[in-house]
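Here's the structure, in structure tokens; my notes come after.
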Amino acid sequence: MARNGVLIMDNGASTIKVGRSNDTEPRIVSNAVVRSKSDRLTFVGHEIENCQDFFGLHYRLPFEKGYLTDWDTEKAIWDKLFSSSGTNVDTRQLSLLVTEPYFNLSSIQETYDQLVFEEYEFDSYFRCTPASLIHHGTLFDEPGLPKPECTLIVDSGFSFTHVIPLIKGEIIWAGVRRIDVGGKLLTNHLKELVSFRHWDMMDQTYIMNDVKEKCCYVSTAFKQDLETCYARPKKNPIVQEYILPDYTSKRGGHIRLPNDDPEASRDLPILSMGNERFSVPEVLFNPSDIGLNQAGLAETIANSISSLQEDLQGMFWGNIGLIGGNVLFPGFEHRLLAELQPLAPAGYEVSLYKEQNPVTQAYQAARIFANSAFYSQKTISRSEYLEGGSHACSRRFGGNWKPTSVEEKVREKERTATEQAEPELGRKASMVKGSRTRRKSTK
């Protein structure tokens, strides 16, 4: 381990969760360069905390479609983050543990390695996906029981929602599934709905993201809630009134509560939220609502588990962990469980695990891993990188999701041999698959 410990960076597309290995809670920093429309100031990373007017902010994001593509922007954010106004660290004295996207491209991984060792000169370094860290954390801990060996992580973040099966902390890439719905898409969808029905809010990303987080929920009775809103559009139990912020008087946006004085907010701009509250998160469970030709979250989880080894599938059904910002929607866990239970084979128990703050779950697991005795065995030192380059990093970190042609041939040979030796098993498996498809179609 480096002389002054480990710096942990859960480098998400929306925010960076950063801290040292002895920090119990991370600092959450915006992973963007933001320009204010009113005062024409530019805020890099954590400097957004100093912004006084959040109307009409222009965002420049280093991530595009889930991958880190704008390295100039990311480097500017990291420079500020490591400076005296940020974490105030000497990178040459630290080891770095940083997360990367799922299915990351090798060219992007090489840029990670170059920036870490050649630009910031970290003493050592470890790079991995967020889900591969969860095994080290406390998400699946049960009193008196060992950690489960087979787990399935649902990571619903800014760009995508991934379903990731793991065995002993190692990702089974053949079973990983992705839904092209994340927090960014949901915020943009809400902006379009509000702009069509109320005011033009297409440039108000910051405010509409706040509206989404404070007002939206996952409905457990979607049709019933929709009928309630249609019957009485302006006066029903679902409608909430969001009072837009007034930054000249330093008043933030908030929900008007039933016991609030109506005279106090009579002349304030109010955004009435009706079926938008539940129709926006509904896209996670029914992407076809906005024209995406993809299965919903419950069906995607079932599809992922069905692709795994049959005698292990029961353990995956019983150990489903939820991480990422979108799982914080009220009703998310209850709705997902209700949709998964009919899809699970008879006799299999479906169990969901979620801790109090799913956003920092990967950071908390990384902190435990960084403080363990075998962390130093997984890292690569700067001297090893200077000798072997990015190839040394890829050999050490592993996690290559691209199967080689030789691996593909071996798997195909094994599949052929299994089908010839066990035709009855193959027939039963196809029958089970057919019954699951029928359940999905009659839902």
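Looking at the stretch 180-193, which of the residues that are surrounded by fewer than 23 Cβ atoms within 10 Å (Cβ to Cβ) and aliphatic (A, V, I, L, M) is nearest to A13 (Cα to Cα)?
Only one residue tops the list, namely L185.
For the structure I just gave you, tell me whether L308 is under 25 Å from K214 (Cα atoms), open to solvent by 10 Å² or more (accessible area, probe 1.4 Å) and hydrophobic (A, V, I, L, M, F, W, C). Before the answer, list the steps.
Values: under 25 Å from K214 (Cα atoms): no; open to solvent by 10 Å² or more (accessible area, probe 1.4 Å): yes; hydrophobic (A, V, I, L, M, F, W, C): yes.
Here the answer is no, as L308 does not meet what is asked.
If you check P233, P258, which single one turns out to be more than 23 Å from K191 (Cβ to Cβ) and assigned to a loop (DSSP other than H, G, I, E, B)?
Details: P233 fails: more than 23 Å from K191 (Cβ to Cβ).
Matching residue, one of P233, P258: P258.
Within the stretch 376-388, can you find the residues that are open to solvent by 20 Å² or more (accessible area, probe 1.4 Å) and not hydroxyl-bearing (S, T, Y)? So that I can check it myself, show each step before the final result.
Our first condition is that a residue be open to solvent by 20 Å² or more (accessible area, probe 1.4 Å); within the stretch 376-388, this holds for 376-378, 381-384, 386-388.
Hits for the stretch 376-388 are Q377, K378, R382, E384, L386, E387, G388.
Considering every residue within the stretch 124-146, establish whether at least one is within 18 Å of the chain's Cα centre (by Cα) and under 25 Å from Q52 (Cα atoms).
no
Select from the stretch 194-220 the residues that are within 11 Å of E276 (Cβ to Cβ) and basic (K, R) and write down the one among them that is most open to solvent (accessible area, probe 1.4 Å).
Among those that are within 11 Å of E276 (Cβ to Cβ) and basic (K, R), it is R197.
Could you grab me the full set of residues in the stretch 303-319 that are among the hydrophobic types (A, V, I, L, M, F, W, C), over 17 Å from E333 (Cβ atoms) and touching a helix residue (DSSP H, G or I) at 6+ places or on another chain (Cβ under 7 Å)?
In the first step, residues of the stretch 303-319 are kept if they are among the hydrophobic types (A, V, I, L, M, F, W, C); the result is 305, 308, 312, 315-317.
From the residues that got through so far, the ones that are over 17 Å from E333 (Cβ atoms) too are 305, 308, 312, 315-316.
Listed by number, the residues that qualify are I305, L308, F316.
Failed condition for Q356, given (1) polar (S, T, N, Q); (2) under 20 Å from W173 (Cβ atoms); (3) not in a helix (DSSP H, G or I), with all others met?
(2)
Can you tell which of I270, I290, I243 is out of contact with any helix residue (DSSP H, G or I) (no Cβ under 8 Å at 6 or more places or on another chain) and either surrounded by 13 or more Cβ atoms within 10 Å (Cβ to Cβ) or in the same structural domain as T15 (by the TED database) (or both)? It would help to see each step written out before you state the result.
Numbers: I290 fails: out of contact with any helix residue (DSSP H, G or I) (no Cβ under 8 Å at 6 or more places or on another chain); I243 fails: out of contact with any helix residue (DSSP H, G or I) (no Cβ under 8 Å at 6 or more places or on another chain).
The match here is I270.
Which one of L145, L96, L115 is in contact (Cβ under 8 Å) with a residue 24 or more places away in the chain and either touching a strand residue (DSSP E or B) at 6+ places or on another chain (Cβ under 7 Å) or loosely packed, with under 15 Cβ neighbours inside 10 Å (or both)? Before you say what the answer is, go through the steps one by one.
On the way: L145 fails: in contact (Cβ under 8 Å) with a residue 24 or more places away in the chain; L115 fails: either touching a strand residue (DSSP E or B) at 6+ places or on another chain (Cβ under 7 Å) or loosely packed, with under 15 Cβ neighbours inside 10 Å (or both).
Only one candidate qualifies: L96.
The values are calculated or read from the model by the stated rules, or taken from the named source; none is laboratory data. In this text the structure is predicted, and so the values were computed from the model without any measurement. Quick reminder, even Gly has a Cβ in these numbers, built from the backbone with ideal geometry, and neighbours come from all protein chains shown. Surface areas here come from the heavy atoms of the whole protein model, side chains and all, with no ligands, DNA or RNA. Shrake-Rupley method; radii C 1.70, N 1.55, O 1.52, S 1.80 Å.
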